[in-house]
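Down below is the structure, laid out as C-alpha cells.
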Amino acid sequence: MEDNKKNQEAMPAKNVRLRVDQWEDCDRLAKKLSLPSEKHFIRDAVDFYIEFLNAKSSSKFLTPALESVIDAKNRDSEGRINRNLYRLAVEQNHLARIIAYTYDIPDEVVNELRAQAIRDVQETNGTIRVDEIIRGN
C-alpha cells in the first residue's frame with residue numbers, strides 16, 4: 001500500500017508526442033470512460049500495456065464481453081451434457097426395466113451385480129465397454 005502511494009506521488013512529467021488523431025482518441029475515450037483527462041487515460045493505457053507485456057494478469061485482458069461469451073459457451077456445454085446425461089439415464093432405466101420384466105433375478109444377485117458395476121466404474125473411471133465385460137476383462 002505504501003509503495004503504491006509513493007508511486008502515485010512520484011509522477012515526473014515527461015513530454016509525449018502523439019499524432020493529432022491519437023490525442024483526439026485519448027480525449028474522446030477519457031470522456032467516454034469518465035476519466036478526468038486524457039492524461040489519466042494515457043496512464044491507464046500504459047499500465048495495461050505493461051501488464052500485457054509482462055503477462056502477469058490475463059484477467060485484465062478479458063473484457064466483460066469476452067467473459068460473457070465464454071460464460072455463455074460454458075452454460076451451453078453444461079446444458080448439452082445435462083440433456084445427454086438425462087437421455088442416457090432414461091435409456092438405462094428403460095433397459096433395466098426390460099431386463100427386470102424378462103428375467104426373474106433374485107435380489108442378492110441384483111445387489112452383487114450392482115456392487116460389481118460400481119467396482120468396474122471406479123477401476124476404469126467410467127470407460128467400460130460391453131464387449132470387454134462379455135470377454136471377462
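For region 34-137, which helices (runs of 4 or more DSSP H) that fit wholly inside it have 1 or more residues that are not assigned by TED's automatic domain parsing to the domain that holds Leu18?
Result: 64-102, 107-124, 130-135.
All but one of (1) under 35 Å from the mean Cα position of the chain (by Cα); (2) surrounded by 10 or more Cβ atoms within 10 Å (Cβ to Cβ); (3) modelled with pLDDT of 80 or more; (4) of a type outside the set (Lys, Arg) hold for Ser34, so report the exception by its number.
Unmet for Ser34, out of (1) under 35 Å from the mean Cα position of the chain (by Cα); (2) surrounded by 10 or more Cβ atoms within 10 Å (Cβ to Cβ); (3) modelled with pLDDT of 80 or more; (4) of a type outside the set (Lys, Arg): (2).
Taking region 1-28 as the region of interest, how many residues are part of a helix (DSSP H, G or I), at pLDDT 80 or above and either loosely packed, with under 10 Cβ neighbours inside 10 Å or in contact with a Leu (Cβ under 8 Å, 6 or more places away or on another chain) (or both)?
3
The values are calculated or read from the model by the stated rules, or taken from the named source; none is laboratory data. All values derive from a computational prediction rather than experimental measurement. Ideal geometry is used to build each Cβ from the backbone, glycine not excepted, and the neighbour counts take in all protein chains shown.
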